[in-house]
RNA sequence: GGCGACGUAGCCAAGUGGUAAGGCAGAGCUCUGCAAAAGCUCCAUUCGGCGGUUCAAAUCCGCCCGUCGCCUCCA
């Protein structure tokens, strides 16, 4: 399996530290507002990657943090505190509300929950401990109640984002605070101003942790000091990911993550999404207009590293594409609910499934190429459609083999095909009733009662659409 | 200004040295009472432009043009 490793900017063979066991960490959201469509892209991508790694037989531990401590805006305000004052509630109410909303959105999109969703606020002692180590190692220093990481103390600083300390110095826009020795030094711990509500005791006084330290502390706690994959959005490559590496490697004296997978950003109508531009689109908004499977299909029809542009037109096209992708799989499930001839799976179909599976795997093995993987399903759909249209008797074994293939790949790995036709416990009875209507319509057509036939057709179509 | 990514058909999008996947849209045919769905066929001699390397380039190199992202909180 090949993976593009941003650390070395090339694809390379993926080798987990322990064969068959993969530890992955992905930077999670800061929960101070509703999640947007950009989060959907990132987390659907990693969800699919994790599903695939598992499907290939690996045992995966997937950790994704929930940032609930809040970080400083350029106005000096804390994002979570700002949200709290906006809504006139406790900071932790904000955190709770939006953390729940985040998981609701992810659940709706079929994103499987990470194995561990550690919260920054629940890991302050671990962060303090790590900061102490960094001070002891002379990679960090205290200054006026705050602690900063000394970027000049770590020779590899900049290795992920390809930046050099010298180049960055000139472009620094941030006001150089006299507390820092170097303008690029970043905060590990910040002294809390009196009005700052989120505060903890520490060896350096009352304060709160810096933005980057939580990911370092929590990843090493749950995945080890060196782990396999670190993921996130490309927009966090600098400074966040860079600082994570510097802190972790300085504290532990060993490599942090072996493979860095960073997803491309999402733009809206060609421009970056931002609140100030008023083009901030939440997942909840999109779910009102488009079905979750179509959103996943949209995300997965491009490569995870490529940027994608969101627009209603693009989602509408994706919805149509999704219908064509899923229709044969749903038709097979429908047919499995009706009486069928028992029998083994047709050997030609078994061969076609085998070929499709091989193609699917080779696409996904090549840096999780979901676009090509989807194409292999479209190709296989021709086999299914031709069979379904042949008018010949199809055995239950054949349909079950096809169904199993769609369930594994389209449903299990990509999450774009429903793995069952309806959650209703009466699905079988409903299918029987629909079958009865179809027969009634056929009878009406034979006696050329087209009014009755069309009426039945319209009703059945409505039922089947809702069910799918 | 610095760093990085990208530019493939009307649109979206794979493809990183061997002769252009797939989807949407569009055209024709088959099937049909009419439709829908589905099937078959067609739809880029060509990959932003210009040079170069090579038996061979969308793929490698150089220059130019254009778009986007990051450098400040961001998935």
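The values are calculated or read from the model by the stated rules, or taken from the named source; none is laboratory data. Being a predicted model, the structure only gives us computed values, none of them experimental. Using ideal geometry, Cβ is built from the backbone for each residue, glycine included, and neighbour counts are taken over all protein chains shown.
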### Task
Working carefully through the options A:209, A:239, A:203, find the one that is modelled with pLDDT of 95 or more and farther than 24 Å from residue A:14 by Cβ.
A:203
### Message
Looking for something more than 25 Å from the chain's Cα centre (by Cα) and at pLDDT below 85 - is there at least one such residue anywhere in segment A:243-256?
### Response
no
### Task
Test residue A:388 against the stated conditions and say whether it is over 30 Å from residue A:229 (Cβ atoms), outside any loop (DSSP other than H, G, I, E, B) and more than 12 Å from RNA strand B (Cβ to nearest atom).
no
#### Entry: Odd one out for residue A:301, checked against (1) within 20 Å of residue A:364 (Cβ to Cβ); (2) surrounded by fewer than 17 Cβ atoms within 10 Å (Cβ to Cβ)
(2)
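So that you can scan it fast, the table gives a plain yes or no per residue for (1) over 15 Å from the mean Cα position of the chain (by Cα); (2) within 18 Å of residue A:45 (Cβ to Cβ); (3) surrounded by 17 or more Cβ atoms within 10 Å (Cβ to Cβ):
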site: A:107; (1), (2), (3): no, yes, no
site: A:110; (1), (2), (3): no, yes, yes
site: A:115; (1), (2), (3): no, yes, no
site: A:127; (1), (2), (3): yes, no, yes
### Query
In the set A:329, A:371, which member is within 14 Å of RNA strand B (Cβ to nearest atom), surrounded by fewer than 20 Cβ atoms within 10 Å (Cβ to Cβ) and closer than 29 Å to residue A:47 by Cβ?
A:371
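This table checks each residue for (1) within 30 Å of residue A:34 (Cα to Cα); (2) exposed (fewer than 15 other Cβ atoms within 10 Å of the Cβ); (3) modelled with pLDDT of 95 or more; (4) touching a helix residue (DSSP H, G or I) at 6+ places or on another chain (Cβ under 6 Å).
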{"site": "A:311", "(1), (2), (3), (4)": "yes, yes, no, no"}
{"site": "A:342", "(1), (2), (3), (4)": "no, yes, no, yes"}
{"site": "A:352", "(1), (2), (3), (4)": "no, no, no, yes"}
{"site": "A:355", "(1), (2), (3), (4)": "no, yes, no, no"}
### Message
Just checking, does segment A:265-288 include any residue being surrounded by 18 or more Cβ atoms within 10 Å (Cβ to Cβ), under 30 Å from residue A:16 (Cβ atoms) and assigned by TED's automatic domain parsing to the domain that holds residue A:27?
### Response
yes
### Query
Regarding residue A:43, is this residue buried (at least 20 other Cβ atoms within 10 Å of the Cβ) and within 10 Å of the chain's Cα centre (by Cα)?
yes
### Task
Scan segment A:237-260 residue by residue and report those that are within 14 Å of RNA strand B (Cβ to nearest atom) and surrounded by fewer than 17 Cβ atoms within 10 Å (Cβ to Cβ).
A:238
### Query
Mind checking whether some residue in segment A:435-443 is under 19 Å from residue A:337 (Cα atoms), modelled with pLDDT of 80 or more and away from RNA strand B (no atom under 16 Å from the Cβ)?
no
### Query
Does residue A:215 meet the test of being part of a helix (DSSP H, G or I), closer than 27 Å to residue A:107 by Cα and within 12 Å of RNA strand B (Cβ to nearest atom)?
yes
### Query
Do you know which of the residues in segment A:63-81 that are modelled with pLDDT of 70 or more and over 17 Å from the mean Cα position of the chain (by Cα) is farthest from residue A:285 (Cα to Cα)?
A:69
### Residue satisfying all of: in segment A:14-64; within 15 Å of RNA strand B (Cβ to nearest atom) and assigned to a strand (DSSP E or B); nearest to residue A:90 (Cα to Cα) among these
A:30
